[in-house]
Amino acid sequence: RLPGRKQEALDMLERFLQRQPMAIEARYAYARLLLADGRSDEARAQLERTLAQQPGSPAVLFSLAQLAYQGKQPEDAKRYLQRYLDLPRSVPRDNAPALLFIAQIDEEAGRLDAAIESLSKVPRGEEFASATIRRALLMGRQGKVEAAREVPEAVAHAAEAGDKVGAVPAQKVGDGAD
């Protein structure tokens, strides 16, 4: 059980949601507290209910992806992440974390081409350079060493040209070993 005040908050939110079942933000907060209490199945059920009320919520979709992944259901996680990426452009969100997460799932499943594809879609910004380096490493693991070497060089040239590519410096890929 959660310590003192957090348990009080959980109990209070539960009572509130019994009276106000459509209170989306309260349900989301309730799910997060359930998760903190180690009650991931209940948290997932609450998040699913929230998603039914608000199907275009990037925060709920990403949270469900995390829960599914933690519950050893990577394909479910990937489906939530794909829904996240498929949201209309008008929905504010950062796609980079979802693309990186999908790449991780695909890499762990041995789908290196799919992981490389996801990493290639990471937009310029904080995650771009690390995604590019990871993409080059995966290409090296596939034996595409020459192509892999070109990837970080492209990042370095973009950085020299003044593009924002992130804080990770470009690195050369050697023999493709991690």
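Restricting attention to the stretch 66-89, and to residues there that are modelled with pLDDT under 95 and of a type in the set (G, A, S), which single residue is surrounded by the most Cβ atoms within 10 Å (Cβ to Cβ)?
That would be A68.
Quick check on my filter: what residues within the stretch 90-103 are part of a helix (DSSP H, G or I) and either in contact with a Pro (Cβ under 9 Å, 6 or more places away or on another chain) or open to solvent by 60 Å² or more (accessible area, probe 1.4 Å) (or both)?
A96, A98, L99
Given the criteria modelled with pLDDT under 70, of a type outside the set (D, E, K, R) and open to solvent by less than 20 Å² (accessible area, probe 1.4 Å), does V168 qualify?
No.
If you go through the stretch 12-25 one residue at a time, how many are modelled with pLDDT under 90 and assigned to a helix (DSSP H, G or I)?
Residues that pass the stated criteria total 2.
Could you list, in sequence order, all residues of the stretch 36-53 that are of a type in the set (A, V, I, L, M) and open to solvent by less than 50 Å² (accessible area, probe 1.4 Å)?
Across the stretch 36-53, the qualifying residues are A43, L47, L51.
How many residues does the stretch 7-32 hold that are open to solvent by 30 Å² or more (accessible area, probe 1.4 Å) and within 21 Å of K72 (Cα to Cα)?
Matching residues across the stretch 7-32 total 1.
Among (1) among the basic types (K, R); (2) part of a loop (DSSP other than H, G, I, E, B); (3) touching a helix residue (DSSP H, G or I) at 6+ places or on another chain (Cβ under 7 Å), which single condition is R124 missing?
(3)
Of everything in the stretch 104-145, what is in contact with a Pro (Cβ under 8 Å, 6 or more places away or on another chain), of a type in the set (A, V, I, L, M, F, W, C) and surrounded by fewer than 17 Cβ atoms within 10 Å (Cβ to Cβ)? Give them in sequence order.
Of everything in the stretch 104-145, just one residue is in contact with a Pro (Cβ under 8 Å, 6 or more places away or on another chain), of a type in the set (A, V, I, L, M, F, W, C) and surrounded by fewer than 17 Cβ atoms within 10 Å (Cβ to Cβ), namely A109.
The conditions are (1) closer than 30 Å to A148 by Cα; (2) buried (at least 21 other Cβ atoms within 10 Å of the Cβ), and V60 fails exactly one of them. Which is it?
Condition (1) is where V60 drops out.
Select from the stretch 119-130 the residues that are closer than 17 Å to R93 by Cβ and not basic (K, R) and list them in ascending order.
The answer is V122, P123, G125, E126, E127, F128.
The values are calculated or read from the model by the stated rules, or taken from the named source; none is laboratory data. As the structure is a prediction and not an experimental result, all values here were calculated from the model. Cβ sites come from the backbone with ideal geometry, for glycine too, and all protein chains shown count toward neighbours. We work out accessible area using only protein heavy atoms, side chains counted, and drop any ligands, DNA or RNA first. Shrake-Rupley method; radii C 1.70, N 1.55, O 1.52, S 1.80 Å.
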